[in-house]
Amino acid sequence: DGNEGQKECAAAALRNLAYNDDNKAAIVAAGGIEVLVSLARDGNEGQKEEAAGALWNLAINDDNKVAIAAAGGVEVLVSLARDG
């Protein structure tokens, strides 16, 4: 429920945290994939960029790839790549 800047900073923090395997698991367990997909779809430019980066880092894990796809992330990321 944060403001626009807080959401962008939170997505950036998750992006950085997702470099670590234990943090990846914690982010997923906390429902982070769904939140990041939503932010990548509906956020402002900075939020979309940070959310997409966090999803990129999470997608290194095969189980997370499936979870990102299940959350609608493939369509969101394709749209982001196509339309910005």
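The values are calculated or read from the model by the stated rules, or taken from the named source; none is laboratory data. Fair warning: this is a prediction, and the values are worked out from it, not measured in the lab. FYI the Cβ positions are ideal-geometry reconstructions off the backbone, even for glycines, and counts take in every protein chain you see. The accessibility values were calculated without ligands, DNA or RNA, using every heavy atom of the protein model including side chains. Shrake-Rupley method; radii C 1.70, N 1.55, O 1.52, S 1.80 Å.
Can you give the convex hull volume per residue for the Cα atoms of region 44-84, as a whole number of Å³?
Enclosed volume per residue, from the Cα hull, is 56 Å³.
In order along region 17-22, phi translates into HN-Hα couplings of 4, 6, 6, 9, 4, 5 Hz, rounded to whole numbers, per the Karplus curve 6.51 cos²θ - 1.76 cosθ + 1.60 with θ = phi - 60° and x for Gly and Pro. Around the Cα centre of the chain, unit charges on the Cβ atoms of Lys, Arg, Asp and Glu (plus for the first two, minus for the last two) sum to a dipole of about 120 debye. Take the Cα of ASP63, go 7 Å toward its beta carbon, and the backbone nitrogen atoms of region 10-41 under 17 Å from that spot belong to 18-34.
A 1.4 Å probe run over the protein chains yields, for the chain, 60 Å² of accessible area per residue, whole-number rounding. Of the listed residues GLU45, GLU8, the order by accessible area with a 1.4 Å probe, largest first, is GLU45, GLU8.
Assign one of three labels to the chain, namely rounded, prolate or oblate, based on the Cα gyration tensor with a ≥ b ≥ c the square roots of its eigenvalues; rounded applies when a/c is under 1.5, prolate when it is not and a/b is larger than b/c, and oblate otherwise. Taking the square roots of the gyration eigenvalues as a ≥ b ≥ c, the chain is oblate. Hey, any idea what % of the chain's accessible area is carbon plus sulfur with a 1.4 Å probe? Carbon-and-sulfur percentage of accessible area, whole number: 53. With helices as the sole contributors, the chain gives -24500 deg cm²/dmol at 222 nm; each DSSP H run of n ≥ 4 counts as -39500 (n - 2.57), and the sum is divided by every residue. Calculate the FRET efficiency for ALA29 and ASP83 from the Cβ-Cβ distance with a Förster distance of 30 Å, rounded to the nearest 0.05. Efficiency computed from Cβ-Cβ geometry: 0.45.
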